[in-house]
Amino acid sequence: MRILSGIQPSGKLHLGNYFGAIKQHMHLQHDNQAIYFIADYHALTTVGDPQALRENTLNVALDYLALGLDTQKTIFFKQSDVPQVTELAWILSSLTPMGLLERCHSYKDKIAHGIFPNHAIFAYPVLMAADILIYQSELVPVGKDQKQHIEVTRDIALKFNSRYGEIFTLPKELIVEEHEVIPGIDGQKMSKSYNNTIGIFESEKSIKRKVMSMVTDSKTVAEPKDPDQSNLFALYSLFADPDEREAMEQKFRAGGTGYGAVKKELFQKIIDYFAPYREMRKEFENSLDNVERILTEGAQKAAEIAGTTLNKVKQAIGVLF
Ligand code: ADP
Ligand code: TRP
């Protein structure tokens, strides 16, 4: 299967990104032809500072490489290094009804959170459709919040194929059902827009401070607690094996364990889990030339696939004779 996913360099990657997307990306690359890219043009819709965009992009590259990207097999690159995709986005725009984009939750959410609605925020799903379709992707692993964008992509592809001929593969989303929404330290969905994240590669000190400040109810140590209502338990479960999870669930229900003690255990779990990845990241940080080479080679491979699709598209729509 050809699978594809993009990750925006719009801030530091956090546990929600890891368990909602990245972990799955790493698993999937073994038995599939995986294509992963850093969606810097998507991030441009919200990141206006060039230095920040540069830093975030490098950080995402380092994070992905450290977290186990298979550089021998997987195609990994920056979206903006394959300009064919923005060309396709324009072509797809002509087939995209305004109403389809107006209905997108992520667009409505961004506006509700006070983000000034520029054209690119509105057109965001069209560029995403171009990303997916230009590589003839079959499966797109993403978090639940991106599901609608894949549906939009299918709508656009169907429209194109029925007007111009069967050029695009129809993609399907792949959602990790088990942990659909990872909660942040305040209990809402973990998201960099809500300032409630725990970064994968944040300093230990900062992770400790955040875990210890996680919001809980005010039950005393002695009182029984409901694991299903606890963001602490939800995060702990991501790191625990089934036996540990079961034991923690019983401790919650029995009472006698305070939230402070659970927080300490959670903190240690996070540190232990990511320790080997931290080591890997240091190695890549010390060989930035190598990182650059990986991205450049990835872009070359991606551009080959993109170019083939774009040629077919241009012939089909009548701009190439
Ligand atoms: P953010 O909400 O922090 O801006 P993004 O929108 O850049 O994160 O998300 C990147 C990927 O990580 C997407 O596939 C998204 O669905 C997934 N993701 C982000 N936050 C969470 C979360 N709290 N739970 C599950 N998946 C998440
Ligand atoms: N919109 C995605 C997100 O915010 C990132 C993305 C851009 C993407 N293009 C994509 C994901 C193509 C999957 C496929 O997470």
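The values are calculated or read from the model by the stated rules, or taken from the named source; none is laboratory data. Since this is a predicted model, take the numbers as computed values, not measurements. Here the Cβ positions follow ideal geometry from the backbone for every residue, glycine too, while neighbour counts run over all protein chains shown. Quick note on the areas: whole protein, heavy atoms, side chains included, nothing else; ligands and nucleic acids left out. Shrake-Rupley method; radii C 1.70, N 1.55, O 1.52, S 1.80 Å.
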Check: the chain dipole with +1 on Lys, Arg Cβ and -1 on Asp, Glu Cβ, in debye: 500
Furthest towards positive pole of dipole, 310, 24, 1, structure part the chain, Cβ charges: 310
Exposure ranking of 5, 162 by accessible area [1.4 Å probe, largest first]: 162, 5
Per Stokes-Einstein, at 37 °C and 0.692 mPa s, what whole-number D in µm² s⁻¹ belongs to the chain, with the Kirkwood radius over Cα pairs as the hydrodynamic radius? 156
Whats the longest run of the chain with zero GluC sites (Glu not before Pro) that are DSSP loop and have at most 15 other Cβ atoms within 10 Å? 1-165
In whole Å, what are the extents of region 1-152 along the principal axes defined by its C-alpha atoms, from largest to smallest? 40, 32, 28
Put a dot 7 Å past each Cα toward the Cβ at residue 49 and residue 286; how far apart are the dots in nm? 3.0
Rounded to 5, percent antiparallel among DSSP beta bridges of the chain: 10
How do 113, 42 stack up against each other in accessible area, from largest to smallest, with a 1.4 angstrom probe? 113, 42
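Exposed loop trypsin sites (Lys or Arg not before Pro) only (DSSP loop, at most 16 other Cβ atoms within 10 Å): please give the longest stretch of the chain free of them, not including the sites.
Result, exposed sites excluded: 104-218.
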Proximal aspartates and glutamates to residue 219, defined as alpha-carbon separation beneath 19 angstrom and excluding residues fewer than eight positions away on the same chain: 186, 228, 249, 265
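Any idea what the relative contact order of region 202-282 is, in percent, if you count C-alpha pairs under 8 Å spaced at least 6 apart?
Relative contact order comes out at 38 percent.
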So the FRET efficiency between residue 170 and residue 195, C-beta based with R0 = 30 Å and rounded to 0.05, is 0.20
For region 140-292, give the percent of accessible area contributed by carbon and sulfur heavy atoms, probe 1.4 Å, rounded to a whole number. 48
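Considering every pair of different Cα atoms, what Kirkwood radius, in Å, is found for region 34-104?
14.2
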Accessible surface of residue 226 in the full protein assembly, 1.4 angstrom probe, to the nearest 10 Å²? 60
Once ligands and nucleic acids are excluded and a 1.4 Å probe is used, how much of residue 296 is accessible, expressed in Å² to the nearest 10? 70
FRET efficiency for residue 312 and residue 279, using Cβ-Cβ distance with R0 set to 30 Å, rounded to 0.05: 0.10
For region 202-282, what's the radius of gyration and Dmax over Cα atoms, in angstrom? 13.4, 44
